[in-house]
Amino acid sequence: MEAIICGISAWQYHRVPPLVRDVEIDVARATAPAPAGLAMPPGIIAGRSDARAVEQLVRSRILTDLKGLSLPIHLMVPDSSGMHETRLVHSHRIPKRLSREHLVDLGNGLFVLSPELTVMLQGTGASKVKVAKMMYEACGLFSLLPSNDRIDLVVTDLVSQGVLARESFGADSIFGYSDDAGRPLGFLDWEGNPLGWTPAFDRLGRLTDLWKRPPLTSVEELTCLLSELGGLRGLGVARAAVKMARNGAASPEEARCCMLLCSGARHGAEAFGAPDLNRQIQLSPEAQALSGLGFCVGDLVWKERRRILEVQGKGFHADAQGFEVTTGRRAGLESMGYELLEVTPHQMAHLELLDAMLPSFSSRLGFKLRKRTAAFLARRNALHAELYGSPYDEC
């Protein structure tokens, strides 16, 4: 029996850091009463000897590498006819045109959809904005850790053990998405191994649900795969969403800001060009002397226009190259002809505040505001409500 983790379950799998995923929860603790344990029914973990093969495939792993997946787990199986949903498994039929090259082998007959197919095949009912947000995350430098009793227990343990502490991770190793020439960085360490995942902490040193990591995929890879898959059912929303997506976002706030300012009137957004997200800017000798740095990383960078928009108020830029402490950096960049603009999540989240700022942004960036027709404002309000009216992570 083979099965493929799909839907929201696949998305949750790809969002769990290896450091957390690799921890195993002891069965005795999982079944022990709260608060010492998780009070999980023993039947979910042990199961019956005559249980369906698809359930046996995942049952032994819900306390190990599948602990980040909410129950029931969504699985594609060869024949889902007559298979009803249980507390453990929600079955779906495997699409006929699904190729193994788009699957990640987890061993023992269990697979998970690739990050590309995971964000494309979110099923009916998913809006293009929801899928675009997933694309920004998958093509960016961040993941939002899923939450359930099992994974929350592991995170609490790792915090109490000092494993998930700011000082445990040393210097941050991901310095932006692209270099000064706009080329994606390698995201490899000095030995050629992929860079690891790093938790983000807020200004008070508390662990957040945001993790920094190399991109899972890219807009180019998504676009190419959409072309290859042709008429595979369920890809219409993904085709619309990929036109809103960009590589390199480092936080949900950057993604929201970019969608609202750069997606175009058709989607209810402004059309402030195509900025690079988290692009390095190599500083001139004079700018280096002023800032004490060799380079900086800008949130939204219009390189040819010498403009940078910083989305403030997030706890993500812990590295020295970020712009959150402006002494020296602003002077250095201004000596090179750059102009820095700033916006906070609070300002973006309130339309009256954003509308007060947009004329200045338009003038300083050199882009025209979209005509405020009734149709555009209706689309803009709908887009804004979907971006800011609910948490970024709706799962």
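The values are calculated or read from the model by the stated rules, or taken from the named source; none is laboratory data. Every value quoted in this text rests on a predicted model; they were computed, and no experiment measured them. Reconstructed Cβ throughout: ideal geometry from the backbone, glycine too, with neighbour counts over all protein chains shown. Heads up: the accessible areas ignore ligands, DNA and RNA and are worked out on the full protein's heavy atoms, side chains in. Shrake-Rupley method; radii C 1.70, N 1.55, O 1.52, S 1.80 Å.
I'm checking my understanding of the structure. Among residues of region 21-77 that are in contact with a Gly (Cβ under 7 Å, 6 or more places away or on another chain) and within 13 Å of Leu153 (Cβ to Cβ), which one is least open to solvent (accessible area, probe 1.4 Å)? If we take residues in region 21-77 being in contact with a Gly (Cβ under 7 Å, 6 or more places away or on another chain) and within 13 Å of Leu153 (Cβ to Cβ), then Ala30 is least open to solvent (accessible area, probe 1.4 Å).
Applying the condition of being of a type in the set (Lys, Arg) and in contact with a helix residue (DSSP H, G or I) (Cβ under 6 Å, 6 or more places away or on another chain) to region 259-315 and asking which residue is modelled with the lowest pLDDT yields Lys314.
Selection of region 1-37 for residues being under 28 Å from the mean Cα position of the chain (by Cα), more than 22 Å from Pro78 (Cα to Cα) and assigned to a loop (DSSP other than H, G, I, E, B) yields Val16, Pro17, Asp22, Val23, Glu24, Ile25.
If only residues of region 158-197 that are under 25 Å from Ile25 (Cα atoms), touching a residue at least 24 places away in the same chain (Cβ under 8 Å) and not in a loop (DSSP other than H, G, I, E, B) are counted, the one that is least open to solvent (accessible area, probe 1.4 Å) is Leu158. Of the residues making up region 160-170, those that are of a type in the set (A, V, I, L, M) and either within 22 Å of Glu310 (Cα to Cα) or touching a strand residue (DSSP E or B) at 6+ places or on another chain (Cβ under 6 Å) (or both) number 1. Within region 373-395, the residues that satisfy the criterion of being modelled with pLDDT of 95 or more, loosely packed, with under 12 Cβ neighbours inside 10 Å and of a type outside the set (Ser, Thr, Tyr) are Ala374, Ala375, Ala378. The single condition from (1) open to solvent by 20 Å² or more (accessible area, probe 1.4 Å); (2) touching a Ser or Thr at 6+ places or on another chain (Cβ under 7 Å); (3) under 28 Å from Ser70 (Cα atoms) that Asp152 fails is (2). The set of residues in region 128-149 that are closer than 18 Å to Val16 by Cβ, open to solvent by 20 Å² or more (accessible area, probe 1.4 Å) and not small (Gly, Ala, Ser) comprises Leu145, Asn148, Asp149. Cβ-Cβ distances below 7 Å connect the following pairs, each with a first residue in region 285-297 that is open to solvent by less than 90 Å² (accessible area, probe 1.4 Å) and of a type in the set (Phe, Trp, Tyr), a second residue that is modelled with pLDDT under 90 and not in a helix (DSSP H, G or I), and a separation of six or more residues or different chains: Phe295/Gln321. Within region 232-252, the residues that satisfy the criterion of being touching a residue at least 40 places away in the same chain (Cβ under 8 Å) and more than 14 Å from the chain's Cα centre (by Cα) are Leu232, Arg233, Gly234, Leu235, Val237, Ala238, Ala240, Ala241, Val242, Met244. Selection of region 336-377 for residues being outside any helix (DSSP H, G or I), over 20 Å from Ser263 (Cβ atoms) and of a type in the set (A, V, I, L, M, F, W, C) yields Met336, Leu340.
Could you count how many residues in region 81-127 are crowded, with 21+ Cβ neighbours inside 10 Å and within 30 Å of Cys258 (Cβ to Cβ)? Summing the residues that are crowded, with 21+ Cβ neighbours inside 10 Å and within 30 Å of Cys258 (Cβ to Cβ) in region 81-127 gives 10.
Would you mention how many residues in region 260-286 are under 15 Å from Phe367 (Cβ atoms) and polar (S, T, N, Q)? Residues flagged as under 15 Å from Phe367 (Cβ atoms) and polar (S, T, N, Q) within region 260-286 amount to 1. Looking only at region 221-240, decide whether some residue is hydroxyl-bearing (Ser, Thr, Tyr) and open to solvent by less than 50 Å² (accessible area, probe 1.4 Å). No: zero hits.
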